[in-house]
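Report on one structure; see the data block that follows.
The values are calculated or read from the model by the stated rules, or taken from the named source; none is laboratory data. Just so we're clear, the structure is a prediction, and the values are computed from it rather than from any experiment. Neighbour counts run over all protein chains shown; Cβ positions are idealised from the backbone, glycine included.
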Ligand code: PGA
(Lines give C-alpha, C1' and ligand atoms only; values in the text may rest on other atoms or scores of the structure.)
Protein backbone atom coordinates (compact mmCIF):
# COMPACT_ATOMS: atom_id res chain seq x y z
CA UNK A 1 0.00 0.00 0.00
CA UNK A 2 1.19 3.50 -0.75
CA UNK A 3 2.11 5.15 2.52
CA UNK A 4 4.87 7.69 3.07
CA UNK A 5 8.09 6.12 4.33
CA UNK A 6 10.68 8.82 4.45
CA UNK A 7 9.98 10.33 7.86
CA UNK A 8 9.52 7.15 9.83
CA UNK A 9 12.06 6.53 12.57
CA UNK A 10 14.74 4.01 11.81
CA UNK A 11 15.17 1.75 14.86
CA UNK A 12 17.99 -0.72 15.44
CA UNK A 13 17.82 -2.97 18.49
CA UNK A 14 20.43 -5.31 19.90
CA UNK A 15 18.90 -8.23 21.78
CA UNK A 16 21.71 -9.72 23.82
CA UNK A 17 19.49 -12.63 24.96
CA UNK A 18 21.05 -14.86 27.66
CA UNK A 19 24.65 -14.15 26.71
CA UNK A 20 27.77 -12.64 28.27
CA UNK A 21 29.06 -12.39 31.82
CA UNK A 22 29.31 -9.02 33.51
CA UNK A 23 32.79 -8.02 32.33
CA UNK A 24 32.03 -8.83 28.71
CA UNK A 25 28.64 -7.11 28.88
CA UNK A 26 30.22 -3.92 30.19
CA UNK A 27 32.99 -4.11 27.60
CA UNK A 28 30.37 -4.44 24.87
CA UNK A 29 28.43 -1.47 26.22
CA UNK A 30 31.61 0.60 26.41
CA UNK A 31 32.62 -0.36 22.89
CA UNK A 32 29.15 0.46 21.56
CA UNK A 33 29.33 3.84 23.24
CA UNK A 34 32.77 4.49 21.79
CA UNK A 35 31.76 3.54 18.25
CA UNK A 36 28.13 4.65 18.05
CA UNK A 37 27.46 6.75 21.14
CA UNK A 38 26.92 9.94 19.18
CA UNK A 39 25.36 8.30 16.13
CA UNK A 40 22.37 10.08 14.58
CA UNK A 41 19.92 9.00 11.93
CA UNK A 42 18.56 5.93 13.71
CA UNK A 43 17.23 5.17 17.16
CA UNK A 44 19.52 2.72 18.93
CA UNK A 45 18.36 0.26 21.57
CA UNK A 46 20.06 -2.50 23.49
CA UNK A 47 18.34 -5.20 25.51
CA UNK A 48 20.83 -6.68 28.01
CA UNK A 49 19.99 -9.48 30.43
CA UNK A 50 18.23 -8.26 33.60
CA UNK A 51 21.27 -8.31 35.94
CA UNK A 52 23.18 -5.97 33.65
CA UNK A 53 20.48 -3.39 33.04
CA UNK A 54 21.65 -1.03 35.73
CA UNK A 55 25.39 -1.00 34.95
CA UNK A 56 24.73 -0.91 31.19
CA UNK A 57 22.39 2.05 31.69
CA UNK A 58 25.19 3.78 33.58
CA UNK A 59 27.68 3.04 30.77
CA UNK A 60 25.35 4.35 28.09
CA UNK A 61 23.94 7.36 29.94
CA UNK A 62 23.84 10.51 27.77
CA UNK A 63 24.68 8.55 24.64
CA UNK A 64 22.59 7.76 21.57
CA UNK A 65 21.57 4.44 23.13
CA UNK A 66 18.39 3.62 24.97
CA UNK A 67 18.33 0.53 27.14
CA UNK A 68 15.39 -1.85 27.33
CA UNK A 69 14.46 -5.09 29.06
CA UNK A 70 14.00 -8.41 27.28
CA UNK A 71 10.78 -9.18 29.14
CA UNK A 72 8.69 -8.19 32.14
CA UNK A 73 6.14 -9.92 34.33
CA UNK A 74 2.56 -8.86 33.65
CA UNK A 75 1.85 -8.08 37.31
CA UNK A 76 2.88 -4.83 38.94
CA UNK A 77 4.30 -6.32 42.16
CA UNK A 78 3.76 -9.06 44.71
CA UNK A 79 4.63 -12.67 45.47
CA UNK A 80 6.00 -13.63 42.07
CA UNK A 81 9.42 -15.05 42.90
CA UNK A 82 11.92 -14.26 40.11
CA UNK A 83 9.50 -11.85 38.45
CA UNK A 84 10.64 -8.45 37.24
CA UNK A 85 7.95 -5.83 36.78
CA UNK A 86 7.60 -3.05 34.24
CA UNK A 87 7.80 -0.46 37.03
CA UNK A 88 11.12 -1.93 38.17
CA UNK A 89 12.74 -1.60 34.77
CA UNK A 90 11.18 1.85 34.31
CA UNK A 91 12.60 2.94 37.68
CA UNK A 92 16.08 1.89 36.52
CA UNK A 93 15.83 4.20 33.52
CA UNK A 94 14.86 1.72 30.82
CA UNK A 95 12.63 3.13 28.10
CA UNK A 96 11.42 -0.01 26.36
CA UNK A 97 10.67 -3.71 26.68
CA UNK A 98 10.60 -6.57 24.19
CA UNK A 99 7.08 -7.99 24.26
CA UNK A 100 6.15 -11.30 22.68
CA UNK A 101 9.61 -12.35 21.51
CA UNK A 102 9.35 -15.76 19.87
CA UNK A 103 11.67 -17.31 22.45
CA UNK A 104 9.33 -16.09 25.18
CA UNK A 105 6.42 -17.57 23.25
CA UNK A 106 8.01 -20.92 22.38
CA UNK A 107 10.52 -21.58 25.19
CA UNK A 108 8.73 -19.96 28.12
CA UNK A 109 5.17 -20.58 26.99
CA UNK A 110 3.94 -16.99 26.72
CA UNK A 111 0.52 -17.24 25.10
CA UNK A 112 -1.22 -14.44 23.22
CA UNK A 113 -3.16 -13.75 26.44
CA UNK A 114 0.05 -13.44 28.48
CA UNK A 115 1.59 -11.26 25.78
CA UNK A 116 -1.52 -9.04 25.93
CA UNK A 117 -1.14 -8.67 29.71
CA UNK A 118 2.55 -7.84 29.40
CA UNK A 119 1.80 -5.30 26.69
CA UNK A 120 -0.70 -3.62 29.02
CA UNK A 121 1.85 -3.60 31.87
CA UNK A 122 4.53 -2.06 29.67
CA UNK A 123 2.24 0.64 28.28
CA UNK A 124 0.91 1.33 31.78
CA UNK A 125 4.40 2.29 32.92
CA UNK A 126 4.94 4.63 30.01
CA UNK A 127 7.51 2.32 28.45
CA UNK A 128 7.39 1.58 24.78
CA UNK A 129 7.01 -1.99 23.58
CA UNK A 130 9.02 -3.55 20.82
CA UNK A 131 6.22 -5.91 19.94
CA UNK A 132 7.51 -9.08 18.28
CA UNK A 133 5.52 -11.27 15.93
CA UNK A 134 6.45 -14.02 13.53
CA UNK A 135 5.43 -17.31 11.98
CA UNK A 136 7.13 -20.70 12.28
CA UNK A 137 8.44 -22.57 9.27
CA UNK A 138 5.51 -24.98 9.39
CA UNK A 139 3.06 -22.09 9.44
CA UNK A 140 4.79 -20.45 6.47
CA UNK A 141 4.86 -23.69 4.52
CA UNK A 142 1.17 -24.18 5.20
CA UNK A 143 0.50 -20.73 3.70
CA UNK A 144 -0.67 -19.40 7.07
CA UNK A 145 1.92 -16.65 7.60
CA UNK A 146 -0.42 -13.73 7.53
CA UNK A 147 -3.18 -15.48 9.53
CA UNK A 148 -0.67 -16.09 12.32
CA UNK A 149 0.61 -12.53 12.26
CA UNK A 150 -2.92 -11.11 12.23
CA UNK A 151 -3.78 -13.24 15.26
CA UNK A 152 -0.69 -12.03 17.10
CA UNK A 153 -1.39 -8.41 16.13
CA UNK A 154 -4.93 -8.60 17.52
CA UNK A 155 -3.70 -7.75 21.03
CA UNK A 156 -2.90 -4.24 19.80
CA UNK A 157 -6.59 -3.60 19.20
CA UNK A 158 -7.19 -3.25 22.93
CA UNK A 159 -5.27 0.04 22.84
CA UNK A 160 -6.00 3.36 21.18
CA UNK A 161 -3.36 4.48 18.68
CA UNK A 162 -2.52 7.38 21.04
CA UNK A 163 -1.56 4.88 23.76
CA UNK A 164 0.63 3.05 21.24
CA UNK A 165 2.34 6.25 20.12
CA UNK A 166 5.87 4.93 20.60
CA UNK A 167 5.17 1.31 19.65
CA UNK A 168 7.72 -0.48 17.50
CA UNK A 169 6.68 -3.69 15.74
CA UNK A 170 9.34 -6.33 15.07
CA UNK A 171 8.58 -8.92 12.40
CA UNK A 172 10.77 -11.90 13.18
CA UNK A 173 10.04 -15.09 11.25
CA UNK A 174 10.79 -17.83 13.75
CA UNK A 175 12.59 -19.88 11.11
CA UNK A 176 15.07 -17.05 10.60
CA UNK A 177 15.96 -16.41 14.24
CA UNK A 178 19.40 -17.66 15.17
CA UNK A 179 19.46 -19.98 12.17
CA UNK A 180 21.62 -18.04 9.73
CA UNK A 181 18.69 -18.26 7.30
CA UNK A 182 17.34 -14.79 6.57
CA UNK A 183 14.10 -13.88 4.87
CA UNK A 184 14.91 -12.48 1.45
CA UNK A 185 14.46 -8.73 1.17
CA UNK A 186 11.39 -9.41 -1.00
CA UNK A 187 9.88 -11.83 1.52
CA UNK A 188 10.47 -9.39 4.35
CA UNK A 189 9.09 -6.41 2.44
CA UNK A 190 5.96 -8.36 1.43
CA UNK A 191 5.17 -9.22 5.04
CA UNK A 192 6.02 -5.75 6.35
CA UNK A 193 3.60 -4.22 3.86
CA UNK A 194 0.92 -6.67 5.02
CA UNK A 195 1.56 -5.78 8.65
CA UNK A 196 1.33 -2.07 7.86
CA UNK A 197 -1.89 -2.76 6.00
CA UNK A 198 -3.28 -4.58 9.04
CA UNK A 199 -2.39 -1.62 11.27
CA UNK A 200 -4.06 0.78 8.82
CA UNK A 201 -7.22 -1.31 8.77
CA UNK A 202 -7.45 -2.10 12.48
CA UNK A 203 -5.88 0.92 14.20
CA UNK A 204 -5.56 3.88 11.85
CA UNK A 205 -4.02 4.77 8.51
CA UNK A 206 -2.22 7.72 10.07
CA UNK A 207 -0.69 5.48 12.75
CA UNK A 208 0.22 2.84 10.17
CA UNK A 209 2.14 5.42 8.20
CA UNK A 210 4.40 6.25 11.12
CA UNK A 211 4.80 3.03 13.15
CA UNK A 212 8.32 1.65 12.67
CA UNK A 213 8.41 -2.03 11.67
CA UNK A 214 11.71 -3.79 12.27
CA UNK A 215 12.82 -7.00 10.62
CA UNK A 216 14.59 -9.58 12.76
CA UNK A 217 16.12 -12.97 12.09
CA UNK A 218 19.80 -13.51 11.29
CA UNK A 219 20.41 -9.89 10.36
CA UNK A 220 24.14 -9.22 10.06
CA UNK A 221 26.54 -6.63 8.73
CA UNK A 222 26.42 -8.12 5.25
CA UNK A 223 22.68 -8.50 4.69
CA UNK A 224 21.36 -5.46 6.58
CA UNK A 225 21.55 -2.92 3.75
CA UNK A 226 19.56 -5.07 1.34
CA UNK A 227 16.87 -5.79 3.94
CA UNK A 228 16.65 -2.16 5.01
CA UNK A 229 16.14 -1.07 1.42
CA UNK A 230 12.54 -2.29 1.59
CA UNK A 231 10.21 0.72 1.83
CA UNK A 232 8.31 -0.80 4.76
CA UNK A 233 11.41 -2.04 6.61
CA UNK A 234 12.30 0.57 9.18
CA UNK A 235 15.05 -1.12 11.11
CA UNK A 236 16.28 -4.37 12.53
CA UNK A 237 16.10 -6.36 15.74
CA UNK A 238 19.42 -8.11 15.96
CA UNK A 239 20.39 -11.06 18.14
CA UNK A 240 23.71 -12.78 17.45
CA UNK A 241 25.28 -9.93 15.49
CA UNK A 242 24.47 -7.45 18.26
CA UNK A 243 27.21 -9.03 20.39
CA UNK A 244 29.81 -8.02 17.80
CA UNK A 245 30.48 -4.30 17.77
CA UNK A 246 31.77 -4.24 14.19
CA UNK A 247 28.78 -6.17 12.82
CA UNK A 248 26.30 -4.12 14.84
CA UNK A 249 27.93 -0.88 13.67
CA UNK A 250 27.61 -1.96 10.07
CA UNK A 251 23.91 -2.59 10.60
CA UNK A 252 23.43 0.78 12.28
CA UNK A 253 25.28 2.58 9.49
CA UNK A 254 23.16 0.76 6.90
CA UNK A 255 20.04 2.04 8.68
CA UNK A 256 21.00 5.64 9.35
CA UNK A 257 18.94 8.13 7.42
CA UNK A 258 20.91 11.14 6.23
P1 LIG B 1 19.19 -13.39 15.54
O2 LIG B 1 18.06 -13.07 16.65
O3 LIG B 1 19.63 -12.08 14.96
O4 LIG B 1 20.30 -14.07 16.34
O5 LIG B 1 18.59 -14.29 14.54
C6 LIG B 1 17.11 -12.08 16.40
C7 LIG B 1 16.15 -11.97 17.56
O8 LIG B 1 15.77 -12.98 18.15
O9 LIG B 1 15.73 -10.85 17.94
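Among residues that are within 16 Å of the ligand (Cβ to nearest atom), surrounded by fewer than 21 Cβ atoms within 10 Å (Cβ to Cβ) and modelled with pLDDT of 95 or more, residue 108 is included. Among the residues of segment 180-202, is any surrounded by fewer than 18 Cβ atoms within 10 Å (Cβ to Cβ), in a loop (DSSP other than H, G, I, E, B), touching a helix residue (DSSP H, G or I) at 6+ places or on another chain (Cβ under 7 Å) and touching a residue at least 12 places away in the same chain (Cβ under 8 Å)? Checked against the condition, which is being surrounded by fewer than 18 Cβ atoms within 10 Å (Cβ to Cβ), in a loop (DSSP other than H, G, I, E, B), touching a helix residue (DSSP H, G or I) at 6+ places or on another chain (Cβ under 7 Å) and touching a residue at least 12 places away in the same chain (Cβ under 8 Å), segment 180-202 yields at least one hit. Can you spot a residue in segment 133-153 that is within 26 Å of residue 93 (Cα to Cα) and touching a strand residue (DSSP E or B) at 6+ places or on another chain (Cβ under 8 Å)? Yes, the conditions are met somewhere in segment 133-153.
Report, by residue number, each residue of segment 233-252 that is out of contact with any helix residue (DSSP H, G or I) (no Cβ under 6 Å at 6 or more places or on another chain), part of a helix (DSSP H, G or I) and in contact (Cβ under 8 Å) with a residue 40 or more places away in the chain. Answer for segment 233-252, where residues must be out of contact with any helix residue (DSSP H, G or I) (no Cβ under 6 Å at 6 or more places or on another chain), part of a helix (DSSP H, G or I) and in contact (Cβ under 8 Å) with a residue 40 or more places away in the chain: 240, 243.
Of everything in segment 78-115 that's in a helix (DSSP H, G or I) and touching a residue at least 60 places away in the same chain (Cβ under 8 Å), which residue is nearest to residue 135 (Cα to Cα)?
Quick first cut of segment 78-115, residues in a helix (DSSP H, G or I) only: 86-92, 102-106, 112-115.
Narrowing the set further to residues that are touching a residue at least 60 places away in the same chain (Cβ under 8 Å) leaves 102-103, 106.
Details: 102: 9, 103: 12, 106: 11 Å.
My answer is 102.
The residues in segment 214-232 that are assigned to a loop (DSSP other than H, G, I, E, B), near the ligand (Cβ under 8 Å from one of its atoms) and closer than 14 Å to residue 11 by Cα can be counted, and the count is 1. Do we find a residue being crowded, with 22+ Cβ neighbours inside 10 Å and more than 15 Å from the chain's Cα centre (by Cα) anywhere in segment 122-132? Scanning segment 122-132 turns up no residue that is crowded, with 22+ Cβ neighbours inside 10 Å and more than 15 Å from the chain's Cα centre (by Cα).
Of all residues in segment 140-164 being free of Cβ contacts under 8 Å to residues at least 24 places away in the same chain and on the phi < 0 side of the Ramachandran plot, which is surrounded by the most Cβ atoms within 10 Å (Cβ to Cβ)? Quick ask: steps written out before the conclusion?
From segment 140-164, those free of Cβ contacts under 8 Å to residues at least 24 places away in the same chain are 141-144, 147-148, 160, 162; that's our starting set.
Retained after the next criterion (residues that are on the phi < 0 side of the Ramachandran plot): 141-142, 144, 147-148, 160, 162.
On the way: 141: 11, 142: 12, 144: 15, 147: 12, 148: 17, 160: 11, 162: 8.
Once the filter is applied, the top-ranked residue is 148.
Once segment 167-179 is narrowed to residues that are in a loop (DSSP other than H, G, I, E, B) and over 21 Å from residue 143 (Cβ atoms), the residue that is farthest from the chain's Cα centre (by Cα) is 178. Within segment 116-133, residues that are away from the ligand (no atom under 16 Å from the Cβ) have Cβ atoms under 6 Å from residues that are modelled with pLDDT under 95 and assigned to a helix (DSSP H, G or I) in no pair, counting only partners at least 6 apart in sequence or on another chain. Note on segment 10-24: among residues that are in contact with a helix residue (DSSP H, G or I) (Cβ under 8 Å, 6 or more places away or on another chain) and either surrounded by fewer than 22 Cβ atoms within 10 Å (Cβ to Cβ) or in a loop (DSSP other than H, G, I, E, B) (or both), the one that is modelled with the lowest pLDDT is 10.
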